[in-house]
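The values are calculated or read from the model by the stated rules, or taken from the named source; none is laboratory data. Model, not experiment: these values are computed from the prediction. Every residue, glycine among them, receives a Cβ derived from its backbone with ideal geometry; neighbour counts consider all protein chains shown.
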Amino acid sequence: MESNGSIIPMFKQQIAEGGPVTVTDREVKRYFMTLPEASQLVIQAGALGKGGEVFVLDMGEPVKVLDMARELIHLNGLEVGEDIEIKIVGLRPGEKMFEEILTEEERSRMLGDSGHEKIFIAKVKEVDGEKLEKDIEELERLAKEMDSEGIVRKLQEMVPSYQPNRGMLD
């Protein structure tokens, strides 16, 4: 659970320093998996691969980050509100309340069973390499011109589900 970007080491450090433990929102949820579990699933997916498949690992159910913070505090023999505080700090720009492993469209195209109960095969859209190359060239041109609005429009064209954080452009 302590991979790069994991909140667990941050929470441990905040607890060791006496707090507060910072959580972005009371309702934010994330998936958690131990490094050995993730490593084992990746190795098994590699062994299952025949070429070109996109594997989706079953991450289980998402967990409220607030519950994870409370549990880590208790595991350190401390009491929330007495020994250490939890501070709600608000979502950061671009941060989502809930992680999406697959979009609805991707979920509807799942091919299903890989032969492993925690590994699924997703069917992905074919990519037009020539069009992608032209799109990237257009993004490079827009970046050189520092046209942030143009970049956002191009990204939305390329990835229809992309939702920009408008505050980052201001």
Scope region 1-38; condition part of a loop (DSSP other than H, G, I, E, B), at pLDDT 90 or above and among the charged types (D, E, K, R); matching residues: Glu17, Asp25, Arg26, Glu27
Segments classed as helices (runs of 4 or more DSSP H), wholly inside region 76-170, with at least 3 members that are out of contact with any helix residue (DSSP H, G or I) (no Cβ under 6 Å at 6 or more places or on another chain), farther than 29 Å from Gly60 by Cβ and modelled with pLDDT of 90 or more: 129-144, 148-158
Cβ pairs under 8 Å, 6+ apart, first in region 32-46 and over 20 Å from Glu71 (Cβ atoms), second at pLDDT below 80 and among the charged types (D, E, K, R): Leu41/Lys118
